[in-house]
There are 2 protein chains.
Amino acid sequence: MMKKTKSTSNPTVAEYVVARLADLGIGHVFGVPGDVAFPIDNAIEANDRLTWIGCSNELNAAYSADGYARIHGAAILCTTFVVGETSALTGVMGSKSERLPVFHLVGAPSSRLMKTRRLVHHTFGDGEADQFRALSAVSACACAFLTPQNAIAEVERVISAALSQRRPGYIQIPQDYALMPVVGTPIRGVPLAQAPTFSSQPRELDAALKAIMIRLAKAKSPVILPAFTIARYGLRKELKALLAATGIPFAACGMDKAVISESHPLYIGMYQGDASKPDVRKIVEGADLVLNLGGVLFGDITTSCYGYSLDPSKMVTVWPDYVEIGAAAVTGGRGNKTFGPIHMKDILVALTNEAPKFKTPSFPRPPAMPEAGASADRISYPSLYSRIQQFLAPDDILCVDPSTSAAVLPNLLLPEGVLYLDQPLWGCIGWGTPAAFGAALADPSRRVILVQGDGGHQLTANQIGTMGRYGVNPIILLVNNGIFGIEEIILLNSDSKKVKNYDQLAPWQYHKLPEAMGCRDWFCKRVETNADLDSALQQARKHPGAAYIEIVPEPKMANAAPPELVERMYQATLPPAEKTN
Amino acid sequence: MMKKTKSTSNPTVAEYVVARLADLGIGHVFGVPGDVAFPIDNAIEANDRLTWIGCSNELNAAYSADGYARIHGAAILCTTFVVGETSALTGVMGSKSERLPVFHLVGAPSSRLMKTRRLVHHTFGDGEADQFRALSAVSACACAFLTPQNAIAEVERVISAALSQRRPGYIQIPQDYALMPVVGTPIRGVPLAQAPTFSSQPRELDAALKAIMIRLAKAKSPVILPAFTIARYGLRKELKALLAATGIPFAACGMDKAVISESHPLYIGMYQGDASKPDVRKIVEGADLVLNLGGVLFGDITTSCYGYSLDPSKMVTVWPDYVEIGAAAVTGGRGNKTFGPIHMKDILVALTNEAPKFKTPSFPRPPAMPEAGASADRISYPSLYSRIQQFLAPDDILCVDPSTSAAVLPNLLLPEGVLYLDQPLWGCIGWGTPAAFGAALADPSRRVILVQGDGGHQLTANQIGTMGRYGVNPIILLVNNGIFGIEEIILLNSDSKKVKNYDQLAPWQYHKLPEAMGCRDWFCKRVETNADLDSALQQARKHPGAAYIEIVPEPKMANAAPPELVERMYQATLPPAEKTN
């Protein structure tokens, strides 16, 4: 799959790594420069296939790379030794958690300084500059510490692992080695879509397929749960073909919204345990076979805190790299009947060819968020959410920061082609703003709509300036309720007069931020009534540049979560003797 | 040293930990709340000796705690599981590097969720929620994972280690355990200044003292280098007594500026290797005995990239916990004659009593930064630095972010009692703004002057809103040159038209930030001429609230570093064959 090119004058290690990643068709590098990373920074600047995207800080750079990879398929992040990479760590770990291949390039001090144990900055001053290797290692599925000798082979190893697992790959280059020519024959890679990942073992694939077919042959009311990994591995087309061939209806779980367009006729709705609509819950929990395609994760956030009832023996899970049948997938354990290595793409294609066609049961079309809120009224949470429902247009990218809104917006019904970006497993408040920037840069043909809570915004708002600098045009809906609202919900605080001190925020004037951060030609507005919100949304959609709408809802707690969920989340934390159920 | 109190109804683990830290006299907790940390957050909110300081994000909280500890002696930081603590990591590692005891409290998911390997958020979704323990461990000198049974003993262990080493201590509490009563007899601690750390072994102390006295008896031209650790361990008074008793002159190295007031008559000036003034260099390098008190670190940044000449055989190093005589301390290795454990306080006191009195040589008083820049002219770097020199008042706290200015401002001569905060070893751009906030909160009687570069500011500026919220009144001098200036210096770029793309910044309108971030009654001004700067500085000093002066120097490279230093820093990075010296 790789072409080898011969060269009399080899590129330097930095030039080579950067070019090899550019071969994948990743066009941007998110980063913050730093002295020991200069050789890498310079190689990026000199490479005409790559554009440097200077970010406000490393965490924001990592989140932006994460958002970019969600749309583009992969991303590149570049930081400096220890202080840069550890500042990015939470973001890159999020990419590992939610399976996004982000290539993290890190510059290290000159090998001669490390070898002679010199005291260098960005260390503990003890001469042990390589004691930090384990840190970034946690955030990656493969790590390489390059030398001129190992660079070619190691870069292949990291790329292969990152693309196979759809998880970050880490590459560190000491400053002196970065400037030396690579030893060996440089490899010219292929674009992302053609890059090799891993392949199925034919006998295992065959056995797994037979086992699934036996289940399918007996099934009368199967249902499909497509996981987020379908999108990560670029298998939407294959899944759509399987749906068409089998007629099996599908529901989306909390981490897997809109993997397949929600306007698809076989789409039942969101399955979120107890929080599901009754008809969806009935179809999913009543199914005699659940095809979990890609490995839906049944975590606390996405299942109303384990409030679901799925019989493990009725489930077949096609994980990205193996198949698990009728086992304890639901409880997070490993099943007693597994087959692998199997690339899930091979299963999807084989089932499309071999699976029987089912008679699709009738079910109601999932409802849109109901209309709410008279024009003259103050904005409320229902009126805001109903307006977001109305506002969405086909092919928009809706990005929702972990926040009060993230607990409700999965209930939107998304128009054709709308992509839904969120972070329900890693769950970092503040991820949304920089991730929306990355998504906007990855596909300028789509409009990015960001729903951002104020608490989360204060963590990462400095990336607004980066948006302005690079001229992307998201529509930012900043919900200013003055508090960490989602936390008050979990705390069971329903009285806005008793908000915890620690859940209160500095009183930013959010709509003034873009100007202060140098954004030009942005449409910025602060709104309090539904009429003003309606008007601002219309103007934002027409505005060719970015828009930033500060939405101030009525001063009432945003208690949008059902009380039984809140109760269950809280109970999970109490000492056993105090538990009431 | 501890009083034990008996209680029929013990406090919960969270209540106990929080109260035990409050016993140390630390009055503030910097943090960002999070669901699994609620029991800790609530215990802090309920404790009337502690004030919660809600920060814009975890990294800023960590930097603020670091700045607070530099003034107060210790600090408390509180974050949530994994995503919170890893976001704080770079800041806490900085506190480890530069020796500041920051107690980091972290909430973890309920032990029952961990034990049953449930999929919880803020993890990789694999049921392995405790796989992250090694991360924060790197940032602390002692870590504890509390249960009701071990809480009392473990908290003592962490406090003792953190205060003995002046490094961070990490305490993690699962959400359910946090709500259970501690088992055993709660301990009531004593204030920081009386808290036990470690003690000297008498025979080792005696032997070390004798060895030093032999050296002192032979010495004709000794010099003292007091290290930053003198300040960390609260030993300024003891060092001043030693200076008075011996008459030995002292110089300050790059990490150790103003440990003893620069108006002290025995102060020679800054010793920074090749970058030192010739007369300082002559006295220090010509000394026949160098008393390195506290363990000066001779790192790249503080010695013009190892451009110093100190004979290891002439050096006695009193490390915080041992003594090293005539050995290879200078090269970062361990010497061949060491004594310990010895608390450096005991050495200082003993030497004050026993050391001979020397005839102090005559030396010129260290010069102030020279005056520069006519009133009507555009601001230049020399005119700015000269105005900072004039502006400083006794007892100010001058906080300098790692930036272009940080390479020059060590050459200021500080008025009586002025403290100088910087971060030359860890060297994180962006540290300054949140650290200045922490310092201001720790001692409202002093005025904090922050010199902040624009590049670094974009990393952490969101803490400006936190400053406004809590009403501190620093004077912020934001230097807006539009680039990462210090990086261009290291890159040897002296042509402002050839600035690397990656060193360019988003064009923030900095002086509008405080208003956008909700700061009221701030004095905010953008200045371009020396006259405007003079006027703004005067107004800022008179203004009771905070001041934010955006300083736009003439568009010329800030190449303030001597060319030979730049050359040496760059040479260190080149492959051997390309080295020219």
Identity of the residue in the stretch B:503-555, among the basic types (Lys, Arg) and more than 8 Å from chain A (Cβ to nearest Cβ), that ends up farthest from A:ALA461 (Cα to Cα): B:LYS542
Positions within the stretch B:156-184 being surrounded by fewer than 20 Cβ atoms within 10 Å (Cβ to Cβ) and either touching a helix residue (DSSP H, G or I) at 6+ places or on another chain (Cβ under 7 Å) or assigned to a helix (DSSP H, G or I) (or both), in sequence order: B:GLU156, B:ARG157, B:SER160, B:GLY184
Qualifying position, being among the hydrophobic types (A, V, I, L, M, F, W, C) and over 20 Å from B:THR90 (Cβ atoms), among A:ALA129, A:ALA88, A:ALA74, A:ALA134: A:ALA74
Test for B:SER304: is it surrounded by fewer than 20 Cβ atoms within 10 Å (Cβ to Cβ) and at pLDDT below 95: no
Count of residues meeting criterion [more than 10 Å from every other protein chain (Cβ to nearest Cβ) and in contact (Cβ under 8 Å) with a residue 24 or more places away in the chain] in the stretch B:155-183: 18
Residue in the stretch A:517-528 that is touching a Leu at 6+ places or on another chain (Cβ under 8 Å), on the phi < 0 side of the Ramachandran plot and touching a residue at least 60 places away in the same chain (Cβ under 8 Å) present: yes
Any hit, the stretch B:261-272, residues being touching a Leu at 6+ places or on another chain (Cβ under 7 Å) and in contact (Cβ under 8 Å) with a residue 60 or more places away in the chain: yes
Selected residue [modelled with pLDDT of 95 or more and under 30 Å from B:VAL296 (Cα atoms)] from B:GLY107, B:GLY94: B:GLY94
Condition broken by A:LEU492, with the remaining ones in (1) facing another protein chain (nearest Cβ under 8 Å); (2) at pLDDT below 95; (3) surrounded by fewer than 24 Cβ atoms within 10 Å (Cβ to Cβ) satisfied: (1)
Test: A:GLU564 is more than 9 Å from chain B (Cβ to nearest Cβ), surrounded by fewer than 19 Cβ atoms within 10 Å (Cβ to Cβ), modelled with pLDDT under 95 and not in a loop (DSSP other than H, G, I, E, B): yes
In the stretch A:131-178, the residues that are of a type outside the set (A, V, I, L, M) and more than 25 Å from B:THR86 (Cα to Cα): A:THR147, A:PRO148, A:GLN149, A:ASN150, A:GLU154, A:GLU156, A:ARG157, A:SER160, A:SER164, A:GLN175, A:ASP176, A:TYR177
Residue within the stretch A:124-147 that is buried (at least 24 other Cβ atoms within 10 Å of the Cβ), touching a strand residue (DSSP E or B) at 6+ places or on another chain (Cβ under 6 Å) and modelled with pLDDT of 95 or more present: yes
Selection status of A:ALA178, over 26 Å from A:TYR322 (Cα atoms) and touching a strand residue (DSSP E or B) at 6+ places or on another chain (Cβ under 7 Å): yes
Filter pass, A:ALA137 being under 28 Å from the mean Cα position of the chain (by Cα) and either within 19 Å of B:THR303 (Cα to Cα) or within 12 Å of chain B (Cβ to nearest Cβ) (or both): yes
Among (1) at pLDDT 95 or above; (2) more than 20 Å from A:GLY25 (Cα to Cα); (3) outside any strand (DSSP E or B); (4) more than 10 Å from chain B (Cβ to nearest Cβ) - the single one A:ILE152 does not satisfy: (2)
Tally of residues being in a loop (DSSP other than H, G, I, E, B) and either basic (Lys, Arg) or modelled with pLDDT under 95 (or both) across the stretch B:341-359: 2
Unmet requirement for A:ASP48, which otherwise passes all of (1) within 27 Å of the chain's Cα centre (by Cα); (2) farther than 26 Å from B:GLY307 by Cα: (1)
Only listed residue being over 28 Å from A:LEU59 (Cα atoms) and touching a Phe, Trp or Tyr at 6+ places or on another chain (Cβ under 7 Å), chosen from A:HIS543, A:HIS511: A:HIS543
Meets criteria (at pLDDT 95 or above, part of a helix (DSSP H, G or I) and within 14 Å of chain B (Cβ to nearest Cβ)) for A:THR229: yes
Candidates B:VAL418, B:VAL479, filtered to the one that is in contact (Cβ under 8 Å) with a residue 24 or more places away in the chain, among the β-branched types (Val, Ile, Thr) and surrounded by fewer than 24 Cβ atoms within 10 Å (Cβ to Cβ): B:VAL418
Residue check, B:ILE248 modelled with pLDDT of 95 or more, among the β-branched types (Val, Ile, Thr), more than 18 Å from B:LYS357 (Cα to Cα) and over 15 Å from the mean Cα position of the chain (by Cα): no
Complete set of residues in the stretch B:38-73 that are in contact with an Asp or Glu (Cβ under 8 Å, 6 or more places away or on another chain) and within 14 Å of B:GLY430 (Cβ to Cβ): B:GLU58, B:ASP66
Sole exception among (1) closer than 30 Å to B:LEU425 by Cα; (2) at pLDDT 95 or above for A:ASP35, by number: (2)
Residue ranges of helices (runs of 4 or more DSSP H) in the stretch A:1-117 with at least 2 members small (Gly, Ala, Ser) and facing chain B (nearest Cβ under 8 Å): A:83-97
Failed condition for B:VAL223, given (1) among the aliphatic types (A, V, I, L, M); (2) farther than 30 Å from B:ASP300 by Cβ; (3) in contact with a strand residue (DSSP E or B) (Cβ under 6 Å, 6 or more places away or on another chain): (2)
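The values are calculated or read from the model by the stated rules, or taken from the named source; none is laboratory data. Note that the structure is predicted; figures quoted are calculated from it, not measured. Note: ideal-geometry Cβ built from the backbone for every residue, glycine included; neighbour counts use all protein chains shown.
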